[in-house]
Amino acid sequence: MLEHLPILQVIVPLMAAPLCLLFRHSRAAWLFALIASGTALVISILLLQQVLATGLISYALGGWQAPWGIEYRIDTLNAFLLLIISSLSTVVLLAADTSISKEIPKEKHSLFYVLYLLSLTGMLGIVATGDAFNVFVFLEISSLSAYALIALGSDRRALWASYQYLIMGTIGATFILIGIGLMYQMTGTLNMHDLSNRLPEVAQTRTVFTAFAFVIVGVCLKLALFPLHLWLPNAYAYAPSIVTAFFAATATKVAIYLLIRFTYSVFGFSFSFTALPLQLLFVVLGVLGIFVASSAAIYQSNVKHLFAYSSIAQIGYMIVGFSISTVAGLTATLLHLFNHALMKGALFLALAAVMHRIGSVQLSALKGLGREMPLTMAAIVAGGLSLIGVPLTVGFVSKWYLVLALLENGWWPVAMLILLGSLLAIVYVWRIVEVAYFQPRGGPGELSKDPVREAPLAFLVPIWLLVIANVYFGIDTRLSVEVAQTASESLFGLSQ
Amino acid sequence: MFLGLYNYWIVVVLMMIGFYIVIAHGNLIKKLVGLTIFQTSVFIFYISMAKVNGGTAPIVGDGIEIYSNPLPHVLILTAIVVGIATTALGLALTVRIKEAYGSIEEEEIQKKDNSTC
Amino acid sequence: MLSGIYGLLSASFFVAMDAVDVAFTEASVGAGISTLLMFLAITMTERRDHSVRHKPWLALIVVVVTGALLIYGTLDMPYFGSADAPIHVHVAPRYINDSMQEIGVINLVTSVLGSYRAFDTFGEVVVIFTAGVGVLALLSVSRRPENDAKIDALNVSMHEQHLILRIVIKILIPFILLFALYVQFHGDYGPGGGFQAGVIFAAAVILYSMLFGLSTARRVINQPFTQFIAALGVLLYGSVGVVSLLNGGNFFDYNVLSDDPVAGQHLGILLIEAGVGLTVASVMIIIFFNFQGRKEYGQGQAKGDV
């Protein structure tokens with residue numbers, strides 16, 4: 001069975017989804033989904049081990065060799081992402097049963113798990129495949145299930161947020177489809193590896209340039225790169241809390257993967273950075289994203305909105321790393337992919353716990369919560385410290401590598417701006433700390449006068465798993481750095 | 001050149017009409033119609049690519065030498081399905097939004113959201 | 001209406017471009033289902049457009065820039081119809097030349113869709129399944145028996161007026177269903193296949209439901225059953241792949257499904273097309289029933305019954 005791991009990675013959650021539809025009982029559906037996600041996690045670990053040991057894995061679906069058939073192509077980069085996605089999915093699912101009990105009507109619970117598994121399938125499928133059109137198909141699977149999941153939020157604004165996301169997301173996907181069509185027209189193939197061989201001969205044509213432009217813009221819409229980020233804050237804020245935790249940790253990472261994959265592996269490094277002034281464009285947009293989003297975060301009264309804007313800022317960091325276009329820069333971006341997933345996963349899960357206990361995530365409702373939900377709020381503080389980039393947390397590791405990469409490249413001003421961005425993060429994290437620990441419970445903004453209990457174990461376990469991971473990988477960085485570096489180097493090597 | 005490419009230019013115009021409707025109109029259903037037109041135009045683009053002069057539909061028959069390319073057809077069949085799936089979800093959302101907000105005009109919905117915040 | 005007309009026009013364009021399978025699908029889906037759903041949604045929301053007129057400068061600029069970029073991109077394209085374009089000399093020739101020996105199906109679109117790129121088609125089935133589940137999550141309402149009686153009364157009074165229509169439709173429906181089956185199995189030899197067949201089958205059921213009332217239709221084909229069939233279709237498709245794995249081949253390698261590779265290919269394609277047909281038909285029915293059901297729920301609310 002080991003040689004079939006690549007396809008099993010996607011097939012396990014994929015087949016689990018319709019099966020889940022047959023479970024009427026909420027708890028049974030949850031357990032089933034958990035087992036499916038856990039299996040996907042085990043497979044991803046095995047795959048990563050295999051790739052690190054023996055190199056690239058290629059799998060021909062249908063027994064037909066690429067480019068006539070569809071190929072699954074696993075290298076260090078996507079194995080890394082498969083691990084991130086499946087591990088965060090499983091950890092978040094641990095709390096799902098408890099979280100949705102109060103946020104989603106009971107009769108929709110099994111539908112929720114079906115959609116969750118479909119979303120997981122979509123993301124894994126995007127990452128594992130080596131065929132450009134297959135990317136589009138699984139992109140739509142993950143997007144459609146996302147629109148539905150977000151719309152399950154109890155506030156009516158969830159519906160509007162989902163609709164806006166649908167419109168923007170579909171435009172993005174259609175742009176990517178146009179780009180794929182143009183690439184196909186000039187080369188005759190859809191296989192990404194084959195494309196990388198054939199595109200150089202037609203690289204100077206206007207058609208390929210246009211193809212590149214459309215793919216980049218389409219991916220940036222999905223990425224929530226400033227200024228195409230407008231769909232994200234509302235989508236994250238009004239979706240059911242567990243959905244936000246899942247997406248904040250995974251969805252944008254997949255889009256960044258697509259950006260890296262298309263620029264490095266398909267179009268090639270030299271073409272990508274000369275055809276369009278990507279370096280300049282991305283460093284400017286990245287930095288703007290960091291500042292605009294971090295500033296916006298400071299003024300939010302809804303904590304989910306606050307962290308959503310924070311996510312947009314973090315994506316800005318990743319894009320800056322990407323724009324440096326050196327091995328070090330790409331390593332920093334990949335590291336941050338992993339670290340940010342851990343950070344935001346923990347933060348949004350903790351918020352889900354707060355929502356579960358007090359029914360609100362308005363900043364004013366969090367007064368004095370530091371004393372009544374100590375473990376949960378401590379987790380938020382830890383996550384916040386990680387966001388700021390305090391040593392001993394994963395956030396510090398990412399910033400460190402990013403600043404190093406910037407300095408190595410001689411980009412002193414940008415490095416300064418990065419550090420300034422951290423200052424902004426201190427402001428918005430402090431707002432939460434101040435309210436939670438330094439203000440008394442009671443007064444306007446309270447929903448009830450009853451004492452609040454600590455979050456149930458179903459939340460605390462996954463939250464603290466992620467917090468401990470935050471610290472562990474902040475201290476022992478060997479695994480994450482080694483994988484990120486290997487992936488980065490192989491991407492540069494491939495596109496010589 | 002015009003004769004060789006006019007086909008694609010017409011498609012681009014159609015695409016842009018659809019795209020314009022999506023981003024300029026405020027009525028939720030009109031936006032979805034625009035999206036459909038945009039997507040369908042992309043399909044026409046792919047299918048035009050596939051045509052070979054003097055070719056027939058890609059179904060093997062005696063005596064036929066030239067066939068049009070079946071691969072874009074396959075891709076578009078899938079893309080049509082994706083399109084209808086998106087439209088169905090979009091319309092379901094629109095129905096729910098109408099129930100919740102009492103309107104399907106973008107500006108009115110924004111106004112209601114801003115007043116509750 | 002406009003989008004429906006556009007759908008039909010593009011379908012005829014597709015026929016002109018030799019894309020008969022696509023034309024068939026676009027006609028049934030784009031011109032058929034899509035228009036139907038839009039009409040339904042419009043009756044449930046607003047019939048008139050209340051939008052405020054204002055100058056959309058930004059939108060215009062974006063569209064013009066995008067369009068200009070696309071036209072710029074067309075300038076280096078191979079000319080329309082030319083036989084030596086890259087896409088006609090790479091990858092496609094094998095499908096055209098070798099698929100008869102390798103797969104033995106004369107409809108090349110079916111051979112590519114069903115075998116060479118079967119995994120994409122699997123993804124497509126999952127997409128439609130996702131849409132069905134999404135619509136369920138958004139629009140389903142729990143049904144209470146006392147409402148049924150009131151809704152039934154409403155429907156009966158409406159439908160008694162259409163006696164001739166009812167008789168004609170009752171005769172037509174079996175033929176439509178038969179046609180759907182024909183299309184399902186004829187996909188190897190001519191335009192057709194699981195997707196188109198599924199849509200036609202669903203159309204017959206929807207027609208029945210429109211004329212005889214949703215609750216009657218639901219008694220014939222109930223919700224849990226359609227959901228089960230939708231799931232079954234996806235699982236059937238996937239299990240073909242799993243069986244390939246168990247027989248020693250890669251996922252979706254039909255050659256190992258039988259002693260003779262070509263027979264294996266035929267079997268594989270037959271089964272997956274059946275999966276597609278099942279899921280597509282049931283999801284279309286689910287979507288329509290849920291829209292209609294939500295509409296009746298809304299009507300019941302307006303009358304103060306619910």
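Some notes on this structure:
- Average Cα contact separation per residue, chain A, under 8 Å, 6 or more apart, as relative contact order %: 15 percent
- Between B:TYR67 and B:THR56, the built amide H atoms are under 5 Å apart, and every one of these is 5 or more places off in sequence or on another chain.
- Of every Cα-Cα pair in the protein assembly as shown, the percent that sits beyond 47 Å: 21 percent
- By the combined test of axial Cα extent (at least 30 Å) and Kyte-Doolittle hydropathy (mean at least 1.6), the qualifying DSSP H helices of chain B come to B:2-24.
- Projected label distance in nm at A:LEU375 and B:VAL13, using a 7 Å step from Cα toward the beta-carbon: 6.7 nm
- Computed over chain A, Kirkwood Rh from alpha-carbon pairs, angstrom: 22.5 Å
- At R0 = 22 Å, FRET efficiency that the Cβ-Cβ distance of A:LEU280 and A:GLN204 yields, to 0.05: 0.55
- Positive contributions from Lys and Arg (+1) and negative ones from Asp and Glu (-1), summed over other residues with Cβ under 12 Å from the Cβ of C:THR110, come out at -2.
- For region A:404-433 and region A:465-485, distance of Cα centres in Å: 21 Å
- Average beta-carbon neighbours from other chains, 10 Å sphere, peptide C:25-35: 4
- Descending principal axes extents, region C:89-147, alpha-carbon based, whole Å: 62, 20, 13
- Cα extents for region C:195-235 along the principal axes, largest to smallest and rounded to whole angstrom: 32, 23, 9.
- Members of A:LYS106/B:LYS31; A:LYS108/C:LYS170; B:LYS30/C:LYS295 lying beyond 31 Å, as alpha-carbon distances in this model show: A:LYS106/B:LYS31; A:LYS108/C:LYS170
- Here the sum of -39500 (n - 2.57) over DSSP H runs of 4 or more residues, divided by the residues of chain A, equals -26000 deg cm²/dmol at 222 nm, to the nearest 500.
- Environment charge at A:ASN339 (Cβ cut-off 15 Å; Lys +1, Arg +1, Asp -1, Glu -1): +2
- 3J(HN,Hα) from dihedral phi, region C:193-203, Karplus parametrisation 6.51/-1.76/1.60, rounded to Hz, x for glycine, proline: x, x, 5, 4, 4, x, 5, 5, 4, 4, 4
- Between 0 and 90 degrees, the angle of helix A:157-187 with respect to the longest Cα principal axis of chain A falls at about 10 degrees.
- Cα-based helix-to-principal-axis angle, A:478-494 vs chain A, degrees rounded to 10: 30 degrees
- Expressed per residue, the C-alpha convex hull volume of region A:201-329 stands at 98 Å³.
- Per-selection Kirkwood Rh - region B:28-76 (Cα, Å, 1 d.p.): 12.4 Å
- A straight chain from C:ARG94 to C:VAL62 at 0.36 nm per residue would run longer than the Cα-Cα distance by 7.4 nm.
- Dimensions of region C:104-305 based on its C-alpha atoms, expressed as ranges along the principal axes with the largest first, amount to 63, 35, 20 Å.
- Calculated P(r) tail over 26 Å for region A:292-496, as whole % of Cα pairs: 36 percent
- Per-pair calculated FRET efficiency, R0 = 25 Å: A:ILE45 and A:ARG478 via Cβ, rounded to 0.05: 0.90
- Debye-formula intensities of region C:187-306, expressed as log10 I(q)/I(0) at q = 0.20 Å⁻¹, are -1.02 (one equal scatterer per alpha-carbon, no solvent).
- In the calculated pair-distance distribution of chain B, the portion above 19 angstrom amounts to 61 percent of the Cα-Cα pairs.
We did not get these values from a lab; they are worked out from the coordinates using the rules stated. Note that the structure is a prediction, hence the values are computed from the model and not measured. For neighbour counting, all protein chains shown are included, and Cβ atoms are generated from backbone atoms with ideal geometry for every residue, glycine included.
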